1. Out of the stretch 1-50, which residues are part of a loop (DSSP other than H, G, I, E, B) and over 31 Å from the mean Cα position of the chain (by Cα)?
2. Could you identify the single residue in I124, I130 that is of a type in the set (A, V, I, L, M, F, W, C), more than 28 Å from G90 (Cα to Cα), outside any loop (DSSP other than H, G, I, E, B) and out of contact with any helix residue (DSSP H, G or I) (no Cβ under 7 Å at 6 or more places or on another chain)?
3. Given the conditions (1) surrounded by fewer than 17 Cβ atoms within 10 Å (Cβ to Cβ); (2) modelled with pLDDT under 95; (3) at negative phi, report the number of the one that G187 does not fulfil.
4. Name the residue that is nearest to E365 (Cα to Cα), counting only residues in the stretch 133-164 that are assigned to a helix (DSSP H, G or I) and touching a Lys or Arg at 6+ places or on another chain (Cβ under 9 Å).
5. Please go through the stretch 476-487 and pick out each residue that is open to solvent by 10 Å² or more (accessible area, probe 1.4 Å) and not polar (S, T, N, Q).
6. Residues in the stretch 64-72: is at least one acidic (D, E) and modelled with pLDDT of 95 or more?
7. Please tell me if G87 is of a type in the set (G, A, S), at pLDDT below 95 and in contact with a Leu (Cβ under 7 Å, 6 or more places away or on another chain).
8. I'd like the full set of residues that are closer than 14 Å to R564 by Cβ and surrounded by 16 or more Cβ atoms within 10 Å (Cβ to Cβ), limited to the stretch 579-608.
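The values are calculated or read from the model by the stated rules, or taken from the named source; none is laboratory data. In this text, all values refer to a predicted model and were calculated from it rather than measured experimentally. All Cβ positions, glycine included, derive from the backbone under ideal geometry; neighbour counts span all protein chains shown. Heavy atoms of the whole protein, side chains included, go into the accessibility calculation; ligands, DNA and RNA do not. Shrake-Rupley method; radii C 1.70, N 1.55, O 1.52, S 1.80 Å.
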Amino acid sequence: MPKHEPLLPHIQSPRDLKGLDNAALSRLAGEIREAIVATVSRNGGHLASNLGVVELTIALHLVFNSPDDKIVWDVGHQCYAHKLLTGRYGSFPALRTSGGIAGFPKTAESPHDSFNTGHASTSISAALGILAAEKRLGTANRAAAVIGDGALTGGLAYEALSHAGQLELPLVVILNDNNMSIGPNVGALSKYLSGLSMKANYQTFRRAVDTVVKKTPGIGEVLFKIMLRLKRAVKAVFYTDNFFVDLGFEYVGPIEGHNIPLLVRVIRDAKQLSKPVVIHVTTQKGKGFRLAEDDPGSYHGVSAFSPAEGTGARTFTHVFAETILEAARHDERVVAITAAMEDGTGLSPFRKAFPERFFDVGIAEEHAVTFAAGLAVRGLRPVVAVYSTFIQRAADQIIHDVCLQNLPVIFALDRGGLVSCDGETHQGIFDISLFRPAPNLTILAPAGEEEFALMFQWAIAQPSAVMIRYPKASCPTVPAFSLPVEKGKGVWLKKPPETAGGKNVCVAFTGSLYPQVLAAAAILERGGITAALYNLRFLKPVDEDFLADIMNRYDLVVFAEEGRKSGGFGEYACELALRRNCSCKVLVLGIGETFDALGQREELLARTGLDGEGIAAAVAVAAGV
């Protein structure tokens, strides 16, 4: 192949890497980075994390024989190089688009994707289970888990490490240490890993000595075994604080994560061991793209941008950031908690203004909730800011530690509803169904900026828990929704007079669907149907007398919610209508039991019938027009 000809288009499987020399592999790494930057700048996606693991990905595929050997990527937001090396170069330009390939590992997409991931701290558990199954099946296949230092702050990772040490299976755990998760890593683990990094000289010296000793003529192997026993004795004296060794792992590292020959040598040695091993690799997040190197936090997950200029609508997240900051200025009880999502949840301004009232607990949503409960017990007003999809991990803590004790914790659920491009694992569509049954919990759904501020102020004054869910979307200004919050009741956007003998229709909606419902009303108006529009505000509790009265005054009441139909608000409303013998026909529009979730939010809404056209069409059919 001519030197000037690109290498990447010819890599159709990891086998194609085997014949490349170090110079070619280095060149290939550069081409992979160029492909990632070009695609992410056009489609959006996870940039800094993917740029940081290019050499590591190449080394893993040089040593492990995928798909027979299984590589499990924790979270999965660093799998782009893996996809490019496993036959998806041609489809990579359609990354994260409707009909294209996913931004996370997906078993249905390729046999090289051994496990679906999207949430943190799962890789070690999954890889260990796969390896135990391979042993049971009698194969010689191996398994590796690639986990970042941020994901290692999650409790599930420790449970898996403990079990792996107990089983003593030859699991290879790659600890990708880039000193940063989505937000800067915090806590004792980060300091511990930094301490291990200080021992890099020991590891370099060890490998050099091993090489020299093994090559000693005649006595090399015998001398190496003596040296090995001596090194173990030295480590027992001087390095007794290695957490991984204490759990039963062999520990190697830290090693430089952008040196392909070194990575290959170390990973190959680790693969030969008959016990679990942790390989501690240090990498630079955003490597090869200056803007991402300088600001990896901002370039973790990005929308489309200009590679030359970087990333450049006022969203619900912006409104939350301003609202909590204003509340904290007037109420010293307000404290903020996040789970390694300071930037994503909009809490960076809060941290800068009130550092002593800000807590980043790492990727540990369960701890975040119970920690907040402890703060609330002592009279503070903790605000837990988490993505809806991640709060699923803390369902038990919300029910057991907050709701059953009736504590005033505020949950700010960002990304409530459908989320663009990140696929099934990042959709915020279960929170209504999960938490409506919880006692002592109020669930609110703001439709715009004025309403968000009102709801937040109301929540702070409540003696029990309040959950405010809002979408990853622009936040409209809706003066009509600036009326004071009245518990259990919503507000009317449009309330036409009921007409005798006409098609009286009311569309009641969760706040995030305000633009779509407004568009639907305009379409219906052109078709001769004038629909009343009612913003629910409260998804729990509900003034049942008020809602039942609405359902008795209209021929058709439509409940449109950006969440699962099963267990959602609409199902509750149907039950209420039956219980109160309401005279109306009820139509529930929501998200069915599917995981079709790749594409822009607008596309996802359209596919689920929750865009303006879909809502209008469903209403027209139900109204008999």
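1. Narrowing the stretch 1-50 to residues part of a loop (DSSP other than H, G, I, E, B): 1-7, 11-13, 18-21, 44, 47.
Of everything in the stretch 1-50, those that are part of a loop (DSSP other than H, G, I, E, B) and over 31 Å from the mean Cα position of the chain (by Cα) turn out to be M1, P2, K3, H4, E5, P6, L7, K18, G19, L20, D21.
2. Details: I124 fails: out of contact with any helix residue (DSSP H, G or I) (no Cβ under 7 Å at 6 or more places or on another chain).
The unique qualifying residue is I130.
3. (3)
4. At the first step, the residues of the stretch 133-164 found to be assigned to a helix (DSSP H, G or I) are 133-137, 151-153, 155-164.
Checking which are touching a Lys or Arg at 6+ places or on another chain (Cβ under 9 Å) leaves us with 134, 156.
On the way: E134: 32, L156: 11 Å.
Among residues in the stretch 133-164 that are assigned to a helix (DSSP H, G or I) and touching a Lys or Arg at 6+ places or on another chain (Cβ under 9 Å), the one nearest to E365 (Cα to Cα) is L156.
5. As a first pass, look at the stretch 476-487 and keep what is open to solvent by 10 Å² or more (accessible area, probe 1.4 Å): 476-477, 479-480, 482-487.
The answer is P476, P479, A480, L483, P484, V485, E486, K487.
6. Of all residues in the stretch 64-72, those acidic (D, E) come to 68-69.
If we keep only those that are modelled with pLDDT of 95 or more as well, we get 68-69.
Scanning the stretch 64-72 turns up at least one residue that is acidic (D, E) and modelled with pLDDT of 95 or more.
7. Values: of a type in the set (G, A, S): yes; at pLDDT below 95: yes; in contact with a Leu (Cβ under 7 Å, 6 or more places away or on another chain): no.
When the stated conditions are applied, G87 does not pass them.
8. At the first step, the residues of the stretch 579-608 found to be closer than 14 Å to R564 by Cβ are 588-597, 604, 608.
Scanning the stretch 579-608 gives V588, L589, G590, I591, A597, L604, T608.
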